[in-house]
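The values are calculated or read from the model by the stated rules, or taken from the named source; none is laboratory data. Quick caveat, the model's predicted, so the values are computed rather than measured. We place every Cβ from the backbone using ideal geometry, glycine too, and count neighbours over all the protein chains shown.
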Amino acid sequence: MVNRILICKSLQLLFGQEIKAKVNEEFVKDIVYGMVKPKSQMKFTSEFLGKTCYLDTEKDKELFDAHPDYWISKEESEKFRKATVR
């Protein structure tokens with residue numbers, strides 16, 4: 001819990017925005033922009049390789065959907081593909 005409070009405070013200092021999150025809420029990363037926010041505050045999602053990717057803006061979603069392989073690491077893509085071949 002202390003880590004989540006520190007993350008929120010750090011984001012507030014960096015971006016000048018107040019981040020409000022429930023104590024037990026999961027934080028996720030926008031795969032395109034890199035912003036870390038509570039899952040409930042991410043506005044868009046895309047599915048790729050059976051994984052839900054969280055995106056904060058419509059532009060991020062457009063960029064991700066156009067070329068998802070660019071945004072997902074090769075190691076992660078290969079790991080998923082090997083797991084689904086079995």
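Observations on the model:
- Every pair of residues 6+ apart whose Cβ atoms lie under 6 Å, when the first sits in the stretch 23-48 and is free of Cβ contacts under 8 Å to residues at least 24 places away in the same chain while the second is of a type in the set (S, T, Y): M42/Y54; T45/T52; T45/Y54
- Checked against (1) modelled with pLDDT of 90 or more; (2) touching a helix residue (DSSP H, G or I) at 6+ places or on another chain (Cβ under 6 Å), P38 passes all but condition (2).
- Extreme residue, modelled with the lowest pLDDT, among residues of the stretch 57-86 that are charged (D, E, K, R) and loosely packed, with under 10 Cβ neighbours inside 10 Å: R86
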